[in-house]
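Report on the following structure.
Derivation of every value follows stated rules applied to the coordinates shown; laboratory data play no part. On a predicted model such as this, the values are computed, not experimentally measured, just so you know. Here the Cβ is made from the backbone with ideal geometry for all residues, glycine too, and neighbour counts use every protein chain on show.
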Amino acid sequence: EPEVTQTPSHQVTQMGQEVILRCVPISNHLYFYWYRQILGQKVEFLVSFYNNEISEKSEIFDDQFSVERPDGSNFTLKIRSTKLEDSAMYFCASTSGGISYNEQFFGPGTRLTVL
Amino acid sequence: DQQVKQNSPSLSVQEGRISILNCDYTNSMFDYFLWYKKYPAEGPTFLISISSIKDKNEDGRFTVFLNKSAKHLSLHIVPSQPGDSAVYFCAATNFGNEKLTFGTGTRLTIIP
């Protein structure tokens, strides 16, 4: 069964460093998302991406964050200068649109630890 | 911002019995609701969804009920199995709005 994959599974970085989290969405999907979950809290929406541009972003997704689909398969989230409060699980999701528009399929997540 | 609430952080149910997980929402613009299941160190896995034009949707052992007037939905699992032990998240959205708004989750433990 097709699945969303994410790398790395765990990333440790120093405060102020840049990190890039990578995702490979399901191949025929057209809509892509990033969510995060701080330990003990709920899953929060960060950004959605369609047709090579951001379609919606939350207030969390400030100028330190960016997303890119550099080729036909990868979808990346970059944090330019990490802060301690960026420590969280980051989940990528994708959906095909159409009748199953809102049924988003999630990857296993990347645990980001900022020291 | 508690637009989607799951008031029970945990629930324990005997194997073979019915598990009922509850979710309340406040935003009347939500018109599509989903349940996800999450194991530790994995991403959320889609279980079942329901549109606001329905009040019930069933898929095997899983049934979701929607009460729009009460802004309440529930997930019934019957019979409960040990593999159902996980954290269950309720999520809501506007159909056509891409963002999912999640509840805080309920940890379900099935007792053999």
With each pseudo-label sitting 7 Å past Cα toward Cβ, what's the residue B:111-residue A:27 distance in nm, one decimal? 4.8
What is the projected area of the convex hull of the Cα atoms of chain A, averaged over all directions, in nm²? 7.0
Residue B:68-residue A:76 pseudo-label distance in nm [points 7 Å out on the Cα-to-Cβ vector]: 4.5
Within 10 Å of the Cβ of an average residue in B:98-107, the count of other chain Cβ atoms is 6
Once Lys and Arg are counted +1 and Asp and Glu -1 for all other residues with Cβ under 12 Å from that of residue A:115, the total becomes 0
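For the range A:3-57, what is the Kirkwood estimate of the hydrodynamic radius, computed as the reciprocal of the mean inverse distance between distinct Cα atoms, to one decimal in Å? Walk me through the numbers on the way to the answer.
Working: mean 1/r = 0.0759 Å⁻¹.
Hydrodynamic radius (Kirkwood, Cα pairs) of the range A:3-57 is 13.2 Å.
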Amide H within-cut-off set for residue A:17, under 5 Å, with H built and near neighbours excluded: A:82
Of A:78/B:56; A:83/B:56; A:83/B:37; A:83/B:99; A:78/B:37, pairs whose Cα-Cα distance is over 32 Å: A:78/B:56; A:83/B:56
Ordering of A:89-96, B:53-60, B:70-77, B:102-109 by packing [mean C-beta count within 10 Å, highest first]: A:89-96, B:102-109, B:70-77, B:53-60
Amide H to amide H, which residues 5 or more places from residue A:46 or on other chains are under 5 Å from it, using H placed in the peptide plane? A:34, A:35, A:36
Around residue A:29 (Cβ within 14 Å, Cβ-to-Cβ, excluding residue A:29; K/R +1, D/E -1) the net charge comes to -3
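Set the Förster distance to 22 Å, then compute FRET efficiency between residue A:39 and residue A:68 from the Cβ-Cβ distance, nearest 0.05. Walk me through the intermediate numbers first.
Values: r = 27 Å, r/R0 = 1.23.
Efficiency, from the Cβ-Cβ distance: 0.25.
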In the range A:28-94, what GluC sites (Glu not before Pro) fall in a loop by DSSP, with at most 11 other Cβ atoms inside 10 Å? A:59
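Averaged over A:87-98, how many beta carbons belonging to a partner chain fall within 10 Å of each residue's beta carbon?
Values: counts 0, 0, 2, 0, 4, 1, 5, 0, 2, 0, 1, 0.
That average works out to 1.
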Taking the convex hull of Cα positions in the range B:20-112, its mean projected area over all directions (nm²): 6.1
Largest fluctuation, A:36, A:22, A:80 only, Gaussian network model of chain A with Cα springs under 10 angstrom, belongs to A:80
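Using a cut-off of 14 Å between beta-carbons, work out the net charge of the residues near residue B:110 (Lys and Arg +1, Asp and Glu -1, residue B:110 not included). Please list the in-between numbers first.
Values: positive: B:17, B:37, B:61, B:107; negative: B:15, B:84.
My count for the surroundings of residue B:110 gives +2.
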For the range B:51-92, using Cα atoms only, the Rg and Dmax in Å read 11.4, 34
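By counting other Cβ atoms within 10 Å of each Cβ, how are B:88, B:32, A:50, A:35 ranked from fewest to most?
On the way: B:88 23, B:32 20, A:50 16, A:35 27.
Neighbour counts put them in this order, fewest first: A:50, B:32, B:88, A:35.
Give, rounded to the nearest 20 debye, the magnitude of the charge dipole that chain B has about its Cα centre when Lys and Arg contribute +1 at Cβ and Asp and Glu contribute -1 at Cβ.
Details: 11 positive and 10 negative charges, 29 e Å.
It works out to roughly 140 debye.
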